[in-house]
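Novice: Pasting a structure below so you can have a look.
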Amino acid sequence: MDASTQNQSRRRFLWLAAAGGAVAAVGIPFFHYRLKAGASVRLGPRGTPKLNSWEDLYRQRWTWDKIAKGSHGWANCRSACAWDLYVKDGVVVREEQSATYDQSEPGVPDFNPRGCNKGACYTEVMYGPSRTSVPLKRVGPRGSGQWERISWDQAMAEIAEKCVDAAVKWGPETIYQDLGPNYDNGPTTAGRFKFQLMAGGMFADMWAEIGDLNLGALMSLGLAHVGGSSDEWFLSDFLVVWMMNPSVTQIPDAHFLYEARYQGSELVVIDPIYSATAIHADQWLPVTPGSDAALGLAVARHLFEKDAIDHAYVREQTDLPFLVRMDTGRMLREADIKEGGKDNLFYLWHPQQGGPVPAPGCEGAGGISTRLDFEPPIEGSWKIMLKDGQEVLLATIGSLLKESLELWTFERAAEVTTLSVEQIRAFADGWVRAKRPMVLSSWGSNRYMHSDLMNRSKILCLMLKGAIGRKGAGLQSTGFIDLEGFGNAMQVEKDGISGRLGVILNLMTPKELFDVAMDITMKRKTENQVAREGERRFETEVVCYSTVTAIDYRYQGIKEPLAKEEDHLLPRPLAAYHEESTRKGWEPDFPRTGAPKVFLTGGSNLLRRNNLPQYLMANMWDDMELIVDINPKFSFTGTQADYILPAAGWYEKVGIKYTMAYAPYLHYCDQAIQPLAESKDEFEIYWLLSRDIERIAKARKLPVLNGCHRPTDWKTLHQRYSCEGTLGPKDAERVLSDIIEQSSATKGMTLEQLKTVGAARYVATGMNVSPAYTYNPDWKGKGVLNTLTAFTEHKEPWPTLTGRISCFMDHPWFLELGEQLPTHKPSPKAGGDYPFQFVSCHARWSIHSTWRDTPMMLRLQRGEPQVWINPADAGKIGVKDYDYAEIHNDYGSVRMRIKFSTMVRPGVAYYYHAWEPHQFPNHQSFKWLIPGLINPLHMAGGTAQLHHGNSKYQAGTAVQDTRIGIRPWRGQSTGAKPVPARSA
Ligand code: SF4
């Protein structure tokens with residue numbers, strides 16, 4: 001650069017900086033250059049900064065009024081990170097990572113520093129163009145974009161009036177709240193939850209709707225959420241990242257994988273794309289999407305063949321020694337051999353006694369331990385006499401499993417997965433060598449029709465190695481477990497101890513409480529077993545939630561398309577499974593009084609994430625009387641609502657990031673500045689709404705309403721929400737303080753301390769059953785947070801039918817569909833028989849849709865929706881890199897840019913998700929092409945682990961099985977095919 005160019009550059013810099021100061025002076029958010037009057041920068045007559053030197057401007061930029069501690073509240077980023085927020089003149093000017101973490105134990109790397117590219121530019125989202133700022137009311141048709149600005153008073157009064165009308169006409173359970181994936185355990189979610197519980201309304205269970213629930217883990221372990229701290233990864237010697245991409249989706253934790261590799265651990269990545277994580281791997285296995293179970297089964301076969309299984313563990317912790325009747329294909333039960341015997345008491349073969357003996361810890365045996373005083377065989381078969389004199393042949397589940405695995409040679413697995421035999425052998429040999437194998441498997445692996453089989457196969461490999469519940473080994477999937485204080489905060493109706501007691505008595509009578517105390521004292525049940533029963537009652541008697549099948553399937557109008565997609569794959573029509581499940585009371589069936597009429601959403605984006613939203617909009621949306629989006633950001637769903645209420649962003653209200661998994665620290669989000677413009681925090685919004693509802697209910701002398709699960713008197717709604725007036729609208733911080741005080745995991749922490757340190761290490765796992773079961777219950781804040789040791793070390797029965805890790809699903813539906821043992825089933829061609837499998841995944845540049853229109857993030861990619869394909873495929877269909885193409889299937893078409901990448905295997909179209917529909921030409925995204933198949937087995941119920949519960953177990957939707965075609969776009973119109981009217 002010559003001198004004159006240098007001078008020009010310097011003048012240009014000064015001009016830009018001065019312009020920034022002037023712009024800031026009139027209030028336009030050019031915050032990074034906003035100047036504070038005084039110091040060495042003086043304003044001239046027209047407000048132009050006078051600088052003693054150009055360096056002064058730079059120095060000004062690095063001054064601030066205060067530093068607050070913060071994080072990204074309910075961003076659904078799997079993780080949590082401590083940030084310092086720099087505030088100047090009432091503006092958060094930037095954020096900076098804070099290295100506040102300790103090493104968990106000697107020899108393990110620490111968590112410092114934590115953060116990701118999204119978090120580092122949240123200020124841009126917060127002050128960006130899509131930020132909501134004032135209450136808006138729709139004045140044209142829904143989706144027309146015609147709004148008027150209204151006051152909070154008007155908004156609250158009108159929304160309250162409509163809620164009352166709907167509750168009177170259709171019942172409170174038609175008032176539907178979508179908490180979305182953005183969920184904290186602080187006052188934001190507690191306020192929303194509390195309003196909904198007290199109003200007797202219904203929640204959407206988005207875990208399943210999105211397809212995120214790990215139902216394979218639920219079937220095998222009785223727990224859908226499994227995972228500990230990320231530094232435990234470092235202790236594994238064989239890390240299998242199986243459908244997960246931490247370098248993109250768990251950026252603050254990915255380093256533990258690579259550090260493990262530096263110390264000699266082997267890293268294998270299984271993914272159809274050569275992902276950002278795969279580039280670090282020792283072995284990358286680009287399987288055909290949906291074929292993962294075949295790979296797992298070949299490994300399991302190899303482990304048997306090499307006798308690389310942990311016999312003692314398998315005998316005690318798994319169901320492989322359980323006995324199965326060869327005539328019925330079901331487990332031997334007490335009812336088979338004794339008059340009046342139980343149907344849920346199962347048997348092991350006792351070699352010394354030469355006959356079957358009850359398995360301790362199985363559901364029918366009761367008891368608090370799975371400890372064995374003999375060694376039941378894992379393989380073998382015997383004949384016994386049943387109570388009716390019939391002789392039957394018995395075999396162990398281990399024998400049946402081994403026989404079924406015979407099919408899964410390396411050659412067969414290679415055919416199915418399209419890997420080579422050598423690749424599979426190398427992988428399987430890694431399993432044989434491994435001392436502490438660990439599988440990292442994320443949400444994407446739960447979104448296939450047969451993802452349960454895929455996950456059961458992964459768990460099979462782990463259990464044969466005795467890895468589950470062992471430190472430095474096992475399954476790392478999702479470890480999202482609530483704090484117990486949060487559960488209290490959302491139910492408490494009175495201040496003080498009487499309010500807390502009321503929460504317990506709401507669930508249990510004094511007699512039941514006495515029985516529980518006796519069960520524990522007499523050692524008839526463990527505390528965890530009792531707590532689990534309580535948790536189930538909470539799920540089924542307090543929280544009212546809708547299922548995918550109740551809402552999407554019945555009211556959205558996708559019954560017919562799914563019948564067309566699936567009926568030919570099943571022995572009975574899909575509708576028959578749904579009918580049987582509902583009739584038998586397996587699946588909850590809410591709302592009982594008809595389709596939702598009021599939809600309250602926020603931190604969520606239903607029309608962006610739902611499958612086939614065109615069906616939802618044609619069949620359900622227009623029938624709703626009221627749709628309110630409470631959100632800091634304009635979302636596509638908000639644009640289709642009746643009211644948009646501006647919620648405060650993460651730096652404008654108090655909150656926490658609560659997950660104990662990943663980084664075992666409570667992360668505090670301080671209120672760095674007052675809520676922007678007219679926005680308010682959610683605790684206050686629901687405080688105001690409950691106040692107006694109560695006022696109207698009293699004026700109308702509303703009778704007690706038939707709320708979901710229990711009666712609700714809306715004349716006292718606000719009284720209950722505000723704990724008899726002791727909580728004011730600005731008391732979010734007090735609610736948070738209560739949550740922390742009432743959670744044993746945060747014992748000793750105070751808000752004052754958190755305001756200073758930002759993140760504090762948990763001191764225990766908590767008293768709820770989920771953390772006690774999921775994490776190591778002996779963990780007291782020291783060491784890595786490992787998992788599932790209540791079962792492997794304390795010998796508590798697993799929360800399954802057999803009290804063991806279940807390889808065998810003893811349920812008539814599983815037998816009917818041939819899935820009693822893990823097996824492979826191909827991915828059905830959803831959406832029609834088209835050449836590409838359409839695989840979508842989380843992006844590096846956004847968390848769902850929150851950062852999707854952020855200029856800084858858009859600059860790091862191509863800035864608009866795109867689909868990634870292999871150039872070899874592109875030649876066949878006549879598209880070039882960066883061309884627009886039409887992506888189509890039986891449901892219609894959308895237009896997207898093509899991106900070439902040899903990282904994608906041929907035959908796969910890859911899509912980094914969460915572009916807003918309004919970022920597509922005609923406001924229809926790829927979701928308009930995704931039928932979202934439902935697996936009928938996920939409607940099965942009636943046994944221990946197959947017990948439906950909010951965010952625990954229910955039918956999900958499979959998106960990854962979708963097929964598409966791609967053709968050049970030459971100006972032709974795109975869009976969804978007309979939606980047929982829903983039949984009654
Ligand atoms: S991972 Fe989450 S908490 Fe951490 S910086 Fe990114 S958005 Fe923020």
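Novice: Would you work out which of G863, C723, A167 lies farthest towards the positive end of the dipole of the chain, given +1 charges on the beta-carbon of Lys and Arg and -1 on that of Asp and Glu, about the Cα centre?
Specialist: About the Cα centre, the residue reaching furthest to the positive side is G863.
Novice: With the full set of protein chains in place, find how many percent of the accessible area of segment 762-840 is carbon and sulfur; take the probe as 1.4 Å.
Specialist: Carbon and sulfur atoms account for 54 percent of the accessible area of segment 762-840.
Novice: Would you mind telling me the share, in percent, of accessible area of segment 936-984 contributed by carbon and sulfur at probe 1.4 angstrom?
Specialist: Roughly 53 percent of what the probe reaches on segment 936-984 is carbon or sulfur.
Novice: Quick one: Karplus J couplings for segment 234-246, per residue in order, coefficients 6.51, -1.76, 1.60, θ = phi - 60°, nearest Hz, x for Gly and Pro?
Specialist: Couplings: 4, 7, 7, 9, 8, 9, 10, 8, 10, 6, 6, 9, x Hz.
Novice: Please report the base-10 log of the normalised intensity I(q)/I(0) for the chain, using a Debye sum with one equal scatterer per alpha carbon and no solvent, at each q in 0.07 (1/Å).
Specialist: -0.60
Novice: Would you please put 375-385, 927-937 in order of how densely packed they are, using the mean number of other Cβ atoms within 10 angstrom per residue and starting with the highest?
Specialist: Highest mean packing first, the order is 927-937, 375-385.
Novice: Measuring from centroid to centroid over Cα atoms, what is the spacing of segment 257-332 and segment 677-741 in Å?
Specialist: 50
Novice: Right, another one. Quick one: check the C-alpha center-to-center distance for segment 549-616 versus segment 798-827, whole angstrom.
Specialist: Segment 549-616 and segment 798-827 have Cα centres separated by 24 Å.
Novice: Assuming R0 = 45 Å, what is the FRET efficiency of A872 and V134, from their Cβ-Cβ distance, to the nearest 0.05?
Specialist: Taking R0 as 45 Å, the efficiency between A872 and V134 is 0.30.
Novice: Let me ask another. Which of the three applies to segment 678-817, rounded, prolate or oblate, going by the alpha-carbon gyration tensor with a ≥ b ≥ c and a/c under 1.5 meaning rounded?
Specialist: Oblate, since a/c reaches 1.5 and b/c is not below a/b.
Novice: Shifting gears a bit: Name the shape class, rounded, prolate or oblate, that the alpha-carbon gyration tensor gives for segment 346-395, where a ≥ b ≥ c are the square roots of its eigenvalues, rounded holds for a/c under 1.5, and otherwise prolate holds if a/b is larger than b/c and oblate otherwise.
Specialist: Oblate.
Novice: While we're here: How do the peptides 86-98, 754-766, 633-645 rank, highest first, by the average count of neighbouring beta carbon atoms within 10 Å per residue?
Specialist: Highest-to-lowest ranking by the protection proxy: 633-645, 754-766, 86-98.
Novice: May I pose another question? Report the label-to-label distance for E541 and D429 in nanometres (one decimal), using points 7 Å from each Cα along the Cα→Cβ vector.
Specialist: Going from the E541 label point to the D429 one covers 5.8 nm.
Novice: Also: Working from Cα positions, state the angle (0 to 90°, nearest 10) between the long axis of helix 292-305 and the longest principal axis of the chain.
Specialist: So the helix axis and the longest Cα principal axis differ by about 40 degrees.
Novice: Okay, which of segment 809-835 sit inside 16 Å, backbone N to the point 7 Å along the Cα-Cβ direction of T328?
Specialist: 809-816
Novice: Using alpha-carbon pairs under 8 Å, 6+ residues apart, how would you state the relative contact order of the chain in percent?
Specialist: That works out to 19 percent.
Novice: Using 7 Å Cα-to-Cβ label points, what is the D833/H311 separation (nm, one decimal)?
Specialist: 5.1
Novice: Next up: In debye, nearest 20, what is the charge dipole magnitude of segment 632-707 about its Cα centre with +1 on Lys and Arg Cβ and -1 on Asp and Glu Cβ, if you could check?
Specialist: Computed about the Cα centre, the dipole is about 340 debye.
Novice: Which value in deg cm²/dmol, rounded to the nearest 500, describes the helix-derived mean residue ellipticity at 222 nm for the chain, given -39,500 (n - 2.57) per DSSP H run of n ≥ 4 and division by the residue count?
Specialist: Estimated from H runs of four or more residues: -8500 deg cm²/dmol.
Novice: Continuing with this model, one more query. So what is the relative contact order for segment 903-980, in percent, with contacts set as C-alpha pairs under 8 Å and at least six apart? Don't skip to the answer; put the middle values down first.
Specialist: Values: 48 pairs, mean separation 21.4, N = 78.
Across segment 903-980, relative contact order equals 27 percent.
Novice: May I pose another question? Per residue of segment 270-283, in order, report the coupling 6.51 cos²θ - 1.76 cosθ + 1.60 (Karplus, θ = phi - 60°) as ³J(HN,Hα) in whole Hz, putting x for Gly and Pro.
Specialist: 10, 6, x, 10, 6, 6, 4, 7, 4, 5, 8, 7, 6, 9
Novice: If you line up the Cα atoms of segment 894-963 on their principal axes, what length do they span on each, largest first, in Å?
Specialist: 48, 29, 17
Novice: How tilted is helix 574-583 with respect to the longest principal axis of the chain? Cα atoms for both, answer in degrees (0 to 90, nearest 10).
Specialist: 80
Novice: What is the magnitude of the charge dipole of the chain about its Cα centre, with +1 placed on the Cβ of each Lys and Arg, -1 on the Cβ of each Asp and Glu, and no other charges, expressed in debye to the nearest 20?
Specialist: Charge dipole, the chain, about its Cα centre: 2560 debye, nearest 20.
Novice: Okay, next question. Considering only the chain, what is the antiparallel percent among its DSSP beta bridges, to the nearest 5?
Specialist: Expressed as a percentage, antiparallel bridges in the chain total about 60.
Novice: Right, here's the next one. Which angle from 0 to 90°, rounded to the nearest 10, does the C-alpha axis of helix 152-170 make with the longest principal axis of the chain?
Specialist: Once rounded, the angle reads 30 degrees.
Novice: Would you please give the residues with an amide H less than 5 Å from that of M896, counting only those at least 5 places away or on a separate chain, with H modeled from the backbone geometry?
Specialist: Residues meeting the criterion, in which the H sits 1.01 Å from N, are A885, I887.
Novice: Still on this structure: Counting only C-alpha contacts under 8 Å and six or more residues apart, can you give the relative contact order of segment 798-873 as a whole percent? Show your work: numbers first, answer last.
Specialist: Values: 26 pairs, mean separation 9.8, N = 76.
So the answer I get is 13 percent.
Novice: On to the next question. For segment 901-916, what does the Karplus curve 6.51 cos²θ - 1.76 cosθ + 1.60, with θ = phi - 60°, yield as ³J(HN,Hα) per residue in whole Hz, taken in order and with x for Gly and Pro?
Specialist: 7, 6, 6, 8, 6, x, x, 10, 10, 10, 9, 7, 7, 6, 4, 5
Novice: If I compute solvent accessible area with a 1.4 Å probe over the protein chains, what percent of it on segment 541-592 is carbon and sulfur?
Specialist: Details: 1120 of 2020 Å².
Answer for segment 541-592: carbon and sulfur cover 55 percent of the accessible area.
Novice: Now for a separate question. Using modelled backbone amide H atoms (1.01 Å from N, in-plane), which distant-in-sequence or interchain residues come within less than 5 Å of W147's amide H?
Specialist: Hits under the 5 Å cutoff: V139.
Novice: Pull out the extension gain between K342 and D622, defined as 0.36 nm times the separation in residues minus the alpha carbon to alpha carbon distance; nm, one decimal.
Specialist: Extra length available between K342 and D622 comes to 95.7 nm.
Novice: Here's something else I'd like to know. So who's got an amide H within less than 5 Å of the one on L345, skipping anything under 5 residues away but keeping other chains? H placed 1.01 Å off N, in plane.
Specialist: E334, A335, G364
Novice: Okay, moving on. So in the chain, which Cys have no other cysteine's beta-carbon sitting under 4.7 angstrom from theirs?
Specialist: C77, C81, C116, C121, C163, C362, C461, C669, C723, C807, C841
Novice: Using the charge dipole of segment 754-903 (Lys, Arg: +1 at Cβ; Asp, Glu: -1 at Cβ; taken about the Cα centre), state which of G818, A885, A764 has its Cα farthest towards the positive end.
Specialist: A764
Novice: Could you do me a favour and compute the accessible area per residue for the chain, 1.4 Å probe, result in Å²?
Specialist: On a per-residue basis, the chain sits at 35 Å².
Novice: When you count, for each residue, the other Cβ atoms within 10 Å and take the mean per peptide, how do 310-318, 234-242, 132-140, 647-655 rank with the highest first?
Specialist: Final packing ranking: 647-655, 234-242, 310-318, 132-140.
Novice: Projecting each Cα onto the charge dipole of the chain (Lys/Arg +1, Asp/Glu -1 at the beta carbon, about the Cα centre), which of N631, P828, S275 comes out farthest on the positive side?
Specialist: About the Cα centre, the residue reaching furthest to the positive side is N631.
Novice: Might you report the magnitude of the Cβ-based charge dipole of segment 681-723 about its Cα centre, with Lys and Arg at +1 and Asp and Glu at -1, to the nearest 20 debye?
Specialist: Working: 8 positive and 6 negative charges, 81 e Å.
The dipole magnitude comes to about 380 debye.
The values are calculated or read from the model by the stated rules, or taken from the named source; none is laboratory data. In this text the structure is predicted, and so the values were computed from the model without any measurement. When we count neighbours, we look across all protein chains shown, and the Cβ atoms used for this are built from the backbone with ideal geometry, even at glycine. Remember, those area values only see protein heavy atoms, side chains included, never the ligands or the DNA or RNA. Shrake-Rupley method; radii C 1.70, N 1.55, O 1.52, S 1.80 Å.
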